[in-house]
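What follows is one structure encoded as structure tokens, with my remarks underneath.
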Amino acid sequence: MIKLSALTCNYENKTVFENISLETDTHLSILGANGSGKSTLAKAICSLVPYKGEIVIEDTNIQRLSLNEKAKLITYIPAKLEIYDPDISVSEFVVLGRFAYKKSFFDYSDEDKKIAKEMLSFLNISHLGRHLVSELSSGEQQLTLIAQALTQQSKIIIFDEPTANLDPHNSKIIANHINELKKKHTVILITHDLHLAAYINTPVLFLKNKSAIYYEKEFFHDTTLEQLYGVKFASLAVKYD
């Protein structure tokens, strides 16, 4: 269960959104125009940016949790892999997801390495294990980010624009993996890709004018989309099935 109470975020003396309240015990897609605060909201839920109000996950205020406790509860996957050691291999990068479980001053355990290997296999990228992350394509890097997040074994996974830099083929691969992950994790999806959001098929929180509207269903209709985005819609197109 995720509960947001009167959540407000400011950035450089500008209010991004204010007084957002929500209670949900299922998956969620966060949609909205550019600059509406989608990523800021996602980062707030992970306690990565300062905010006013209260965020409760599974009956616990996240501000009362240690960093390791937060990592075991929730993980955030950015839109693009930007900061990493250029000489790190995929296997080395993925096992870093086990940091919250690692004993201080000790190396990663055999169990940690086993979990990382299993996640590479789950995403069908075991063959990339010895490759340098810097050598990967955008699609391969996105899968590597997801693999690292899965080794973290968090209950909640937030995907921030997971298909933003990908071609249709790789977008379909990522979409299918996200849908599969809904079976074992609570998924929060931030995206501009309405086709992806429709395929993932969750309730929608739409951000607009510094506030939010919650749609449990009946979101993906041309009239609703036209009202929210201010442009004409003729129907969604890309098939992820």
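The values are calculated or read from the model by the stated rules, or taken from the named source; none is laboratory data. In this text the structure is predicted, and so the values were computed from the model without any measurement. No Cβ is skipped: glycine too gets one built from the backbone with ideal geometry, and neighbour counts run over all protein chains shown.
Does the stretch 116-125 contain at least one residue that is crowded, with 18+ Cβ neighbours inside 10 Å, within 23 Å of Leu67 (Cβ to Cβ), touching a helix residue (DSSP H, G or I) at 6+ places or on another chain (Cβ under 6 Å) and of a type outside the set (Val, Ile, Thr)?
yes
Scan the stretch 172-207 residue by residue and report those that are over 17 Å from Thr224 (Cα atoms) and of a type in the set (Gly, Ala, Ser).
Ala175
Working only within the stretch 173-204, note down all residues that are assigned to a helix (DSSP H, G or I), surrounded by fewer than 21 Cβ atoms within 10 Å (Cβ to Cβ) and either among the small types (Gly, Ala, Ser) or on the phi > 0 side of the Ramachandran plot (or both).
Ala198
Please state which one of Ala116, Ala100, Ala79 is under 18 Å from the mean Cα position of the chain (by Cα) and either closer than 24 Å to Gln142 by Cα or part of a helix (DSSP H, G or I) (or both).
Testing whether each residue is under 18 Å from the mean Cα position of the chain (by Cα) and either closer than 24 Å to Gln142 by Cα or part of a helix (DSSP H, G or I) (or both) leaves just Ala79.
Restricting attention to the stretch 219-230, does a residue exist that is among the hydroxyl-bearing types (Ser, Thr, Tyr) and either crowded, with 21+ Cβ neighbours inside 10 Å or assigned to a loop (DSSP other than H, G, I, E, B) (or both)?
Checking the stretch 219-230: not a single residue is among the hydroxyl-bearing types (Ser, Thr, Tyr) and either crowded, with 21+ Cβ neighbours inside 10 Å or assigned to a loop (DSSP other than H, G, I, E, B) (or both).
Looking at this structure, is Ser154 of a type in the set (S, T, N, Q) and either outside any loop (DSSP other than H, G, I, E, B) or free of Cβ contacts under 8 Å to residues at least 24 places away in the same chain (or both)?
Judged against the criteria, Ser154 is not a match.
Checking Leu48 against (1) modelled with pLDDT under 90; (2) closer than 24 Å to Val231 by Cβ, only one condition comes out false. Which one?
Here Leu48 clears every test but (2).
Residue-by-condition table, conditions (1) of a type outside the set (Val, Ile, Thr); (2) closer than 27 Å to Met1 by Cα; (3) not in a helix (DSSP H, G or I):
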| residue | (1), (2), (3) |
| --- | --- |
| Ile55 | no, yes, yes |
| Phe106 | yes, no, yes |
| His127 | yes, no, no |
| Arg130 | yes, no, yes |
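Is it the case, given these coordinates, that Glu218 is modelled with pLDDT under 85 and closer than 21 Å to Ile20 by Cβ?
So Glu218 fits the description; yes.
Going by the conditions given, is Lys155 under 21 Å from Thr191 (Cα atoms), of a type in the set (Lys, Arg) and in contact with a Leu (Cβ under 7 Å, 6 or more places away or on another chain)?
When the stated conditions are applied, Lys155 passes them.
Which one is modelled with the highest pLDDT among residues in the stretch 152-172 that are surrounded by fewer than 19 Cβ atoms within 10 Å (Cβ to Cβ) and within 13 Å of the chain's Cα centre (by Cα)?
Residue satisfying both the conditions and the ranking: Lys155.
Would you mind finding the one in Ser66, Ser36, Ser91 that is surrounded by 13 or more Cβ atoms within 10 Å (Cβ to Cβ), farther than 24 Å from Glu216 by Cβ and out of contact with any Asp or Glu (no Cβ under 6 Å at 6 or more places or on another chain)?
Unique residue meeting the criteria: Ser91.
Quick check on my filter: what residues within the stretch 102-123 are farther than 18 Å from Ile88 by Cβ and free of Cβ contacts under 8 Å to residues at least 12 places away in the same chain?
The answer is Lys103, Ser104, Phe105, Phe106, Ser109, Asp110, Glu111, Lys114, Glu118, Ser121.
For the stretch 22-53, give me each residue that is within 24 Å of Thr75 (Cβ to Cβ) and free of Cβ contacts under 8 Å to residues at least 24 places away in the same chain.
Across the stretch 22-53, the qualifying residues are Glu23, Ser47.
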